[in-house]
Amino acid sequence: MIVTTEQEKLIVSWDDLDALVGALAEQVGAEYDVVLTITRGALVPTGMLAYRLGRRNIVVAAVAYYDDAGQRADQPTFLQFPSDPLLHGKRVLVIDEVWDTGTTIAAVVERVRLAGGHPTTAVLHYKPARSKVALVPDHHVVATDAWV
């Protein structure tokens, strides 16, 4: 795990992204039936990770916590989510690029559990000081307080 000190911004280059995905691949292994990506930020890292893990079964969760005016909502709106049979009884690797407050990934994890799936979370960047949920990521590469 890489820990950054307080800094204003953490800019991730393509080479950095490749290294982060490689480190995450080593942590998570390939023991999953389904890879679930959270749009939009996790689409590219998920594709890279799934390729490294040899996983082809990739599904998408599109979740919004903001309304059209940019105001934060109390509950998430699931714009798209895999049907229960795609997750039921499956080991599901849930991927997001940044765990900030954790509310989005926590909502996705709950939906996976309700569908009968067995979720494991993996993120590139984890912000423990900003997290507002009881969960912590099962796997992460960088802990930071910086804007990513």
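How many percent of the accessible area of the stretch 77-148 is carbon or sulfur, using a 1.4 Å probe?
Of the solvent-accessible surface of the stretch 77-148, carbon and sulfur hold 53 percent.
Using the heavy atoms of the protein chains alone and a 1.4 angstrom probe, what is the accessible area of the chain per residue in square angstrom?
Here the residues of the chain average 56 Å² of exposed surface.
At what distance in nm do the modelled label points of Ala134 and Asp74 sit from each other, each positioned 7 Å from its Cα along Cα→Cβ?
Here the answer is 2.0 nm between the modelled labels.
Mind giving me the FRET efficiency for Leu17 and Thr39? R0 is 22 Å, r the Cβ-Cβ distance, nearest 0.05 is fine.
Here the calculated transfer efficiency is 0.85.
Quickly rank 130-138, 36-44 as a protection proxy: mean count of other C-beta atoms within 10 Å, highest first.
36-44, 130-138
Considering only Ala107, His139, Trp14, whose Cα is most displaced toward the positive end of the charge dipole of the chain, charges sitting on Cβ of Lys, Arg (+1) and Asp, Glu (-1)?
It is Ala107, whose Cα lies furthest towards the positive end.
Decide, for the stretch 11-52, between rounded, prolate and oblate: order the square roots of the alpha carbon gyration tensor eigenvalues as a ≥ b ≥ c, take rounded if a/c falls under 1.5, and otherwise choose prolate if a/b is larger than b/c, else oblate.
oblate
How large is log10 of I(q)/I(0) for the stretch 75-148 at q = 0.14, 0.19, 0.27 Å⁻¹ when the intensity is taken from the Debye formula with one equal scatterer per alpha-carbon?
-0.44, -0.76, -1.24
How large is log10 I(q)/I(0) at q = 0.19 Å⁻¹ when the Debye formula is applied to the Cα atoms of the chain, each weighted equally and without solvent?
-1.18
Quick check on the chain: helices-only [θ] at 222 nm, where DSSP H runs of length 4 and up contribute -39,500 (n - 2.57) each and the sum goes over total residues. Nearest 500, please.
So the helix-based figure for the chain works out to -8500 deg cm²/dmol.
Taking only the alpha-carbon positions of the stretch 1-83 and ignoring solvent, what does the Debye formula give for the base-10 log of I(q)/I(0) at q = 0.23 Å⁻¹?
With no solvent term, the Cα-only Debye profile gives -1.10.
The values are calculated or read from the model by the stated rules, or taken from the named source; none is laboratory data. Please read these numbers as outputs of a predicted model, since none were measured by experiment. All Cβ positions, glycine included, derive from the backbone under ideal geometry; neighbour counts span all protein chains shown. To get the accessible areas, we keep the full protein, side chains included, count just its heavy atoms, and leave off ligands, DNA and RNA. Shrake-Rupley method; radii C 1.70, N 1.55, O 1.52, S 1.80 Å.
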